[in-house]
Amino acid sequence: MEESLPRTFEGLDEARRQAFVKVMDYKQAGGRLVGYLCSYTPLEVIDAAGAAAVGLCGTSAETIPAAEAVLPANLCPLVKSTYGFALSGKCPFTYFSDLVVGETTCDGKKKMYELLGEVKDTYVLHLPQGRGRPWEADAWYEEVRLFKEELERRFDVEITDGALRAAARRRNRLRRALVGVFGLQRSCPPALGGTELLSTLMAGTFSLDVDAYAARLEALAAERRGACEAGEDPVPSGSKRLMVTGCPLNGVLDKVGRTIEECGGVIVCPDDCAGERTADMPVDEDAPDILRAIADRYLAVDCSVMTPNDARLEGILRKVAEYRADGVVEVVLTACHTFNVESSRVAAAMEGSGVPYLKLETGYSHGDAGQVETRIAAFIETL
């Protein structure tokens, strides 16, 4: 069946129209597309099914008014934006997805998926809320196994161990490439501006080809490494080195990331769920049970939905030392209760280690941009 463009197509900007055409061409050529929202989604299983795994749009205030016609206004902007893009047909990856994969990380997402399922076929992975009990790893493995069976049924394919191992090798190559790019920020001055780094990561979530994205990152790392060796400094001398942790940063890239740079700082370590915290976690390609190895790798992600979540605090302190960060900025999206509550533990851990810390609670609207700029400028001034 031929895929067609949405009725909203002509009203979109040029970049969005190009993305729609690109994805439509991929689908018309027989490509399968699975959209996902979270770092807990076992991407190797999607790869092994012969489908492209692509992140869904949920990083703009553009579609929040449409979402608020159904969803409550006092909900996380990421949840509302994701649902709004599905309702409005303005995201090519959501629009053309054969399946959307959700996960029970937070209550807002969990209940939103029930409504999203009325717009797009949606499959929900039931994530344990901890890792301390033996049954939790087994329960998650069972979820990943059932997901594998769902993809086999839906796409009429057999997902073999060989295909899973090949997918793990491709994803591990991408993870090594990501870690290589992150590692450039350890130099002084760092090899990339923080917003350039974050924009590169954001673009990668929309890539339909894992190997091609890994190759681009490898080339970028080599290019920037060479530029630094030649004496080029892309970051102004004296910029304060900051780690940014907390909620996903894509929806506040301008408001937080660019403001940090304009106020004399540079993001050397993005510690959100798309940052090094998850990139530096390979799958054991040679494990006897490759599906178990994939499941174990994803369950180990240190998100605030896990309780307890001490490993995240330990990781922040370790990365502060490795990246020689002058301070930590924690971004909490409005109504993201798990990160908001956990921020008190992060603040205490930073205070106990003598690391300057700033918490920013914000959303996708630019209504508080001036306040955010004032607080970031004052924080950097103290460093």
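The values are calculated or read from the model by the stated rules, or taken from the named source; none is laboratory data. Here the structure is a predicted model, which is why all the values come from computation and not from measurement. No Cβ is skipped: glycine too gets one built from the backbone with ideal geometry, and neighbour counts run over all protein chains shown. Remember, those area values only see protein heavy atoms, side chains included, never the ligands or the DNA or RNA. Shrake-Rupley method; radii C 1.70, N 1.55, O 1.52, S 1.80 Å.
Here are the numbers for this structure:
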quantity	calculated
Tally, over region 236-255, of residues that are hydrophobic (A, V, I, L, M, F, W, C), more than 19 Å from Ile316 (Cα to Cα) and open to solvent by less than 20 Å² (accessible area, probe 1.4 Å)	1
Of all residues in region 37-74 being of a type outside the set (A, V, I, L, M, F, W, C) and more than 18 Å from Ser88 (Cα to Cα), the one that is most open to solvent (accessible area, probe 1.4 Å)	Asn74
Scope region 86-107; condition open to solvent by 10 Å² or more (accessible area, probe 1.4 Å) and either among the charged types (D, E, K, R) or part of a helix (DSSP H, G or I) (or both); matching residues	Ala86, Leu87, Ser88, Lys90, Phe93, Tyr95, Asp98, Asp107
Selection from region 1-36 of residues that are touching a residue at least 60 places away in the same chain (Cβ under 8 Å), open to solvent by 60 Å² or more (accessible area, probe 1.4 Å) and among the acidic types (Asp, Glu)	none
Matching residues in region 35-54 - criterion: being among the hydrophobic types (A, V, I, L, M, F, W, C) and part of a loop (DSSP other than H, G, I, E, B)	Leu37, Cys38, Ala49, Ala51
Hey, Thr195 surrounded by 17 or more Cβ atoms within 10 Å (Cβ to Cβ) and within 16 Å of the chain's Cα centre (by Cα) or not	yes
Residue pairs meeting the criteria (Cβ under 9 Å; at least 6 apart or on separate chains; first closer than 15 Å to Arg176 by Cβ, in region 203-220; second part of a loop (DSSP other than H, G, I, E, B) and hydroxyl-bearing (Ser, Thr, Tyr))	Tyr213/Ser207; Arg216/Ser207
Answer residue from region 109-134, given it is part of a helix (DSSP H, G or I) and within 20 Å of Leu99 (Cα to Cα) and is nearest to the chain's Cα centre (by Cα) among those	Lys109
Glu381 being outside any loop (DSSP other than H, G, I, E, B), crowded, with 21+ Cβ neighbours inside 10 Å and of a type in the set (D, E, K, R)	no
